[in-house]
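J.: First the structure, then my questions, so here it is.
The values are calculated or read from the model by the stated rules, or taken from the named source; none is laboratory data. Computed from a predicted structure; not experimentally measured. Positions of Cβ are backbone-derived with ideal geometry, glycine not excepted, and every protein chain shown enters the neighbour counts. In case anyone asks, the SASA skips ligands and DNA or RNA and just uses the protein heavy atoms, side chains included. Shrake-Rupley method; radii C 1.70, N 1.55, O 1.52, S 1.80 Å.
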Amino acid sequence: NKFIGHLRGTQKVVAITASTGIAATHMNGMTIHSWSGLGIKEDISDSDIKNLIKKKYLFKRIRKTNVLIIDEVSMLKPGQFDAVERICRYFKASFLPFGGMQVVLSGDFFQLPPIDRGGGQVSFITDSAAWKNLDMKVCYLEGQFRHQDEKLGALLESIRDNDIDLAKNILQARIYADMR
(Lines give C-alpha, C1' and ligand atoms only; values in the text may rest on other atoms or scores of the structure.)
Protein backbone atom coordinates (compact mmCIF):
# COMPACT_ATOMS: atom_id res chain seq x y z
CA ASN A 1 0.00 0.00 0.00
CA LYS A 2 2.91 2.36 0.67
CA PHE A 3 4.32 1.61 -2.78
CA ILE A 4 0.92 2.25 -4.35
CA GLY A 5 0.73 5.56 -2.49
CA HIS A 6 4.19 6.47 -3.72
CA LEU A 7 3.25 5.68 -7.34
CA ARG A 8 0.10 7.74 -7.13
CA GLY A 9 2.18 10.67 -5.91
CA THR A 10 4.20 10.48 -9.13
CA GLN A 11 1.16 11.12 -11.34
CA LYS A 12 1.46 7.62 -12.86
CA VAL A 13 -1.74 5.74 -13.58
CA VAL A 14 -1.63 2.58 -11.49
CA ALA A 15 -3.79 -0.49 -12.03
CA ILE A 16 -4.08 -2.45 -8.79
CA THR A 17 -5.03 -6.07 -9.38
CA ALA A 18 -4.76 -9.51 -7.85
CA SER A 19 -5.47 -13.05 -8.92
CA THR A 20 -8.24 -13.41 -6.32
CA GLY A 21 -11.10 -11.15 -5.32
CA ILE A 22 -10.15 -11.20 -1.64
CA ALA A 23 -6.56 -10.17 -2.34
CA ALA A 24 -7.82 -7.43 -4.67
CA THR A 25 -10.18 -6.00 -2.06
CA HIS A 26 -7.34 -5.79 0.48
CA MET A 27 -5.66 -3.30 -1.85
CA ASN A 28 -8.83 -1.57 -3.09
CA GLY A 29 -8.24 -3.07 -6.52
CA MET A 30 -9.89 -5.59 -8.82
CA THR A 31 -9.06 -9.02 -10.13
CA ILE A 32 -6.61 -9.16 -13.02
CA HIS A 33 -9.26 -11.17 -14.85
CA SER A 34 -11.77 -8.33 -14.63
CA TRP A 35 -9.25 -5.53 -15.22
CA SER A 36 -7.93 -7.13 -18.41
CA GLY A 37 -11.26 -8.44 -19.72
CA LEU A 38 -9.90 -12.00 -19.70
CA GLY A 39 -12.59 -13.27 -17.36
CA ILE A 40 -12.41 -16.96 -16.52
CA LYS A 41 -10.55 -17.92 -19.69
CA GLU A 42 -7.13 -19.51 -19.52
CA ASP A 43 -5.99 -18.28 -22.93
CA ILE A 44 -7.16 -15.84 -25.54
CA SER A 45 -7.72 -16.01 -29.29
CA ASP A 46 -7.45 -13.29 -31.93
CA SER A 47 -11.24 -13.12 -32.17
CA ASP A 48 -11.48 -12.73 -28.37
CA ILE A 49 -9.09 -9.79 -28.56
CA LYS A 50 -11.06 -8.21 -31.43
CA ASN A 51 -14.15 -8.36 -29.21
CA LEU A 52 -12.29 -6.88 -26.24
CA ILE A 53 -10.89 -4.00 -28.31
CA LYS A 54 -14.47 -2.87 -28.98
CA LYS A 55 -15.06 -2.30 -25.25
CA LYS A 56 -14.35 1.38 -24.68
CA TYR A 57 -14.01 1.06 -20.91
CA LEU A 58 -11.28 -1.58 -21.35
CA PHE A 59 -9.55 0.47 -24.01
CA LYS A 60 -9.50 3.53 -21.76
CA ARG A 61 -8.47 1.53 -18.67
CA ILE A 62 -5.57 -0.34 -20.23
CA ARG A 63 -4.39 2.38 -22.62
CA LYS A 64 -3.86 4.92 -19.82
CA THR A 65 -2.18 2.50 -17.34
CA ASN A 66 1.52 3.12 -16.69
CA VAL A 67 2.04 0.58 -13.90
CA LEU A 68 0.25 -2.74 -13.54
CA ILE A 69 0.39 -4.34 -10.10
CA ILE A 70 -0.64 -8.00 -9.81
CA ASP A 71 -0.74 -9.53 -6.32
CA GLU A 72 -0.95 -13.25 -5.52
CA VAL A 73 0.68 -14.16 -8.84
CA SER A 74 1.33 -17.69 -7.61
CA MET A 75 -2.32 -18.47 -8.31
CA LEU A 76 -2.22 -17.37 -11.97
CA LYS A 77 -1.72 -20.04 -14.60
CA PRO A 78 0.96 -19.49 -17.25
CA GLY A 79 -1.66 -19.26 -20.01
CA GLN A 80 -3.57 -16.59 -18.09
CA PHE A 81 -0.43 -14.54 -17.57
CA ASP A 82 0.42 -14.83 -21.27
CA ALA A 83 -3.15 -13.83 -22.18
CA VAL A 84 -3.07 -10.71 -19.99
CA GLU A 85 0.30 -9.76 -21.48
CA ARG A 86 -1.07 -10.20 -25.01
CA ILE A 87 -4.17 -8.12 -24.21
CA CYS A 88 -1.95 -5.31 -22.90
CA ARG A 89 0.21 -5.36 -26.05
CA TYR A 90 -2.86 -5.09 -28.28
CA PHE A 91 -4.48 -2.28 -26.31
CA LYS A 92 -1.22 -0.36 -26.04
CA ALA A 93 -0.41 -1.02 -29.73
CA SER A 94 3.12 -2.03 -28.77
CA PHE A 95 5.26 -5.11 -29.23
CA LEU A 96 6.98 -4.50 -25.88
CA PRO A 97 6.10 -6.90 -23.06
CA PHE A 98 2.79 -5.79 -21.52
CA GLY A 99 2.72 -3.00 -24.09
CA GLY A 100 5.54 -1.20 -22.33
CA MET A 101 3.83 -0.97 -18.95
CA GLN A 102 5.87 -1.40 -15.82
CA VAL A 103 4.65 -4.62 -14.21
CA VAL A 104 4.96 -5.18 -10.48
CA LEU A 105 4.26 -8.73 -9.34
CA SER A 106 3.97 -9.90 -5.78
CA GLY A 107 3.30 -13.29 -4.35
CA ASP A 108 4.74 -16.33 -2.69
CA PHE A 109 5.28 -19.39 -4.86
CA PHE A 110 5.49 -21.46 -1.65
CA GLN A 111 1.84 -20.69 -0.96
CA LEU A 112 -1.15 -21.54 -3.11
CA PRO A 113 -0.40 -22.78 -6.62
CA PRO A 114 -2.81 -22.34 -9.53
CA ILE A 115 -5.77 -24.71 -9.39
CA ASP A 116 -5.82 -27.33 -12.13
CA ARG A 117 -9.29 -28.81 -12.31
CA GLY A 118 -8.08 -31.56 -14.64
CA GLY A 119 -5.64 -32.93 -12.08
CA GLY A 120 -2.65 -32.18 -14.28
CA GLN A 121 0.74 -30.99 -13.18
CA VAL A 122 0.70 -27.54 -11.62
CA SER A 123 2.85 -24.96 -13.33
CA PHE A 124 3.49 -21.37 -12.35
CA ILE A 125 3.72 -18.17 -14.37
CA THR A 126 7.48 -18.62 -14.34
CA ASP A 127 6.82 -21.17 -17.12
CA SER A 128 5.01 -18.60 -19.27
CA ALA A 129 6.43 -16.85 -22.32
CA ALA A 130 5.45 -13.48 -20.79
CA TRP A 131 7.59 -14.14 -17.70
CA LYS A 132 10.55 -15.15 -19.84
CA ASN A 133 10.24 -12.01 -22.00
CA LEU A 134 10.14 -9.59 -19.07
CA ASP A 135 13.35 -8.04 -17.83
CA MET A 136 12.39 -9.16 -14.33
CA LYS A 137 14.10 -7.82 -11.22
CA VAL A 138 13.26 -10.24 -8.42
CA CYS A 139 13.20 -9.02 -4.81
CA TYR A 140 12.89 -11.40 -1.90
CA LEU A 141 11.32 -10.21 1.32
CA GLU A 142 12.85 -11.96 4.28
CA GLY A 143 11.21 -10.29 7.27
CA GLN A 144 8.25 -11.88 9.04
CA PHE A 145 5.58 -9.38 10.03
CA ARG A 146 2.49 -11.51 10.60
CA HIS A 147 3.44 -12.96 13.97
CA GLN A 148 6.01 -12.75 16.75
CA ASP A 149 5.96 -16.40 17.89
CA GLU A 150 9.40 -17.89 17.14
CA LYS A 151 8.19 -21.49 17.46
CA LEU A 152 5.36 -20.87 15.00
CA GLY A 153 7.87 -19.21 12.68
CA ALA A 154 10.16 -22.23 12.91
CA LEU A 155 7.23 -24.58 12.21
CA LEU A 156 6.10 -22.61 9.17
CA GLU A 157 9.67 -22.40 7.86
CA SER A 158 10.15 -26.16 8.28
CA ILE A 159 6.95 -26.83 6.33
CA ARG A 160 8.05 -24.40 3.64
CA ASP A 161 11.46 -26.14 3.42
CA ASN A 162 9.78 -29.57 3.37
CA ASP A 163 11.62 -30.51 6.58
CA ILE A 164 9.15 -33.09 7.84
CA ASP A 165 11.24 -34.15 10.84
CA LEU A 166 11.46 -30.66 12.32
CA ALA A 167 7.75 -29.99 11.72
CA LYS A 168 6.86 -33.34 13.28
CA ASN A 169 9.03 -32.66 16.36
CA ILE A 170 7.57 -29.20 16.88
CA LEU A 171 3.99 -30.44 16.54
CA GLN A 172 4.54 -33.52 18.74
CA ALA A 173 5.93 -31.30 21.49
CA ARG A 174 2.60 -29.42 21.44
CA ILE A 175 0.27 -32.45 21.72
CA TYR A 176 -0.17 -32.28 25.48
CA ALA A 177 1.20 -28.77 26.09
CA ASP A 178 -2.21 -27.21 26.86
CA MET A 179 -3.17 -30.00 29.26
CA ARG A 180 -0.37 -29.31 31.72
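J.: In region 53-129, how many lysine pairs have Cα atoms under 25 Å apart, counting only pairs 8 or more places apart or on different chains?
T.: Within region 53-129, the lysine pair count is 10.
J.: Would you list which lysines come within 20 Å of residue 168, measuring only between C-alpha atoms, while excluding same-chain residues fewer than 8 positions from it?
T.: 151
J.: Of 93, 18, 83, which has the largest mean-square fluctuation in a 10 Å C-alpha GNM of the chain?
T.: 93
J.: Quick query: amide H of residue 104 versus all other amide H atoms, modeled in the peptide plane; which residues come in under 5 Å with a sequence gap of 5 or more or a different chain?
T.: Here the answer is 68, 69, 70, since their amide H atoms fall under 5 Å of that of residue 104.
J.: When all protein chains stay in place, what accessible area (Å², nearest 10, 1.4 Å probe) is found for residue 45?
T.: That residue has around 50 Å² of solvent-accessible surface.
J.: How would 104, 67 rank on accessible area, largest to smallest, probe 1.4 Å?
T.: Numbers: 104 35, 67 0 Å².
The ordering from most to least exposed comes out as 104, 67.
J.: Under 5 Å between amide hydrogens, which residues at least 5 positions from residue 31 or on another chain qualify, with H placed 1.01 Å from N in the peptide plane?
T.: Hits under the 5 Å cutoff: 18.
J.: Turning to a different aspect of this structure: So which chymotrypsin sites (Phe, Trp or Tyr not before Pro) in region 56-157 pass both tests, a DSSP loop state and at most 16 other Cβ atoms within 10 Å of the Cβ?
T.: Numbers: sites: 57, 59, 81, 90, 91, 95, 98, 109, 110, 124, 131, 140, 145; in loops: 95, 109, 110, 124, 140, 145.
Within region 56-157, the qualifying chymotrypsin sites (Phe, Trp or Tyr not before Pro) (loop, at most 16 other Cβ atoms within 10 Å) are 95, 109, 110, 140, 145.
J.: Which shape class, rounded, prolate or oblate, goes with the chain when its Cα gyration tensor gives a ≥ b ≥ c as root eigenvalues, a/c under 1.5 marks rounded, and past that a/b bigger than b/c marks prolate? Don't skip to the end; give the middle numbers.
T.: Values: a/c = 2.63, a/b = 1.92, b/c = 1.37.
Prolate is the answer for the chain, as a/c is 1.5 or above and a/b outweighs b/c.
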